[in-house]
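Here's the structure we're looking at; comments come further down.
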Amino acid sequence: MRFVLSAVATFALGLVAVAPAMAQAKTGTIDFQRAVVETAEFKKAYAQLEATYKPKQDALSKAQQELQDLDTQMRSSQGQLSQAGAAELQAKAQRKQTQVERLQQDLQEDFEADRDRALQLTGTRMTDVLKKLAEEKQLDLIIDATAPMRSERGNAYERSAKITGPARKR
C-alpha cells in the first residue's frame, strides 16, 4: 500500500516543474496518503471490498474456530484416547492448521491486491485533481508532507500553502 501511494505521490510531485533559478517558488503540501484514503471514492471502494471479502473472512473465522475446538478437544481428551485416536485427532488438527494458514494467506494477498488497485486508481485521480489545483493556485511545486524532504545540508525544507482540504473536496 505504502509503495503504491509513494509511487503515485512521486508521479504527482513530478507533474509540476520548478525552474531552478526561482528564488521564491510557491509551494503546497499535501498528506497524499491521507487525502486519497479520505476521499468518498476510496471509502466507497473500500466498503465494496469489505463486502466482497466478508464471506471469505467468515469462512476463515469458522475454520479458526474449528481449529480451536480441535485443540480444546485434544487437551481435554489427553490420556483418554488410544494412541491411534490421539494420532488421528492430532493429524486432523494439523490439517486444519494448514487449511487456516492457507485461507488466511490467500485472503490477505487477494484483499491487499484489490485494495492496492483501488488506491492506485484513486491516487491517479487525485493526481489529476492536484494538477488542476496547482494551476488554479499557481503553485510551482506540491510536496507530499509525509515524504522526507531534505536539502543538500540535511535541513528540512520549509512547506507552505497547505492544500489537503481543497484537494479532498474535489
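Looking across the range 25-36 at every residue that is buried (at least 18 other Cβ atoms within 10 Å of the Cβ) and among the aliphatic types (A, V, I, L, M), the one that is farthest from the chain's Cα centre (by Cα) is identified as I30. Evaluated against (1) loosely packed, with under 15 Cβ neighbours inside 10 Å; (2) at pLDDT 95 or above; (3) small (G, A, S), S77 falls short on exactly one condition, (2). Just to be sure before I move on: is T146 hydroxyl-bearing (S, T, Y) and either surrounded by fewer than 13 Cβ atoms within 10 Å (Cβ to Cβ) or at pLDDT 90 or above (or both) in the structure I sent? When the stated conditions are applied, T146 does not pass them. Is there a residue being basic (K, R) and closer than 28 Å to A145 by Cβ anywhere in the range 60-67? No: zero hits. Quick one: in the range 43-64, of everything that is in contact (Cβ under 8 Å) with a residue 60 or more places away in the chain and open to solvent by 70 Å² or more (accessible area, probe 1.4 Å), which residue is farthest from T122 (Cα to Cα)? So, considering only residues that are in contact (Cβ under 8 Å) with a residue 60 or more places away in the chain and open to solvent by 70 Å² or more (accessible area, probe 1.4 Å), the one farthest from T122 (Cα to Cα) is T52. Being open to solvent by 90 Å² or more (accessible area, probe 1.4 Å) and either at pLDDT 95 or above or within 26 Å of the chain's Cα centre (by Cα) (or both) is a description that applies to E109.
Mind listing just one residue for me: the one in the range 158-167 that is open to solvent by 80 Å² or more (accessible area, probe 1.4 Å) and closer than 19 Å to Q33 by Cβ and, of those, modelled with the lowest pLDDT? Steps first, please.
Step one: filter the range 158-167 for residues open to solvent by 80 Å² or more (accessible area, probe 1.4 Å), giving 158-159, 162.
Then keep just the ones that are closer than 19 Å to Q33 by Cβ; that gives 159, 162.
Values: R159: 43, K162: 47.
Out of the qualifying residues, it is R159.
A91 meets all of the listed conditions (1) of a type in the set (A, V, I, L, M, F, W, C); (2) surrounded by 15 or more Cβ atoms within 10 Å (Cβ to Cβ); (3) farther than 30 Å from F111 by Cβ but one, namely (2).
Restricting the range 112-143 to residues that are among the basic types (K, R) and surrounded by fewer than 18 Cβ atoms within 10 Å (Cβ to Cβ), which is farthest from the chain's Cα centre (by Cα)? Across the range 112-143, the extreme among qualifying residues is K137. If you go through the range 95-136 and keep only what is of a type in the set (K, R) and closer than 30 Å to T29 by Cβ, you end up with R115, R117, R125, K131, K132.
The values are calculated or read from the model by the stated rules, or taken from the named source; none is laboratory data. All values reported here derive from a predicted model rather than from experimental measurement. Heads up, the Cβs are rebuilt from the backbone with ideal geometry, glycines too, and the neighbour counts pull from every protein chain shown. Surface areas here come from the heavy atoms of the whole protein model, side chains and all, with no ligands, DNA or RNA. Shrake-Rupley method; radii C 1.70, N 1.55, O 1.52, S 1.80 Å.
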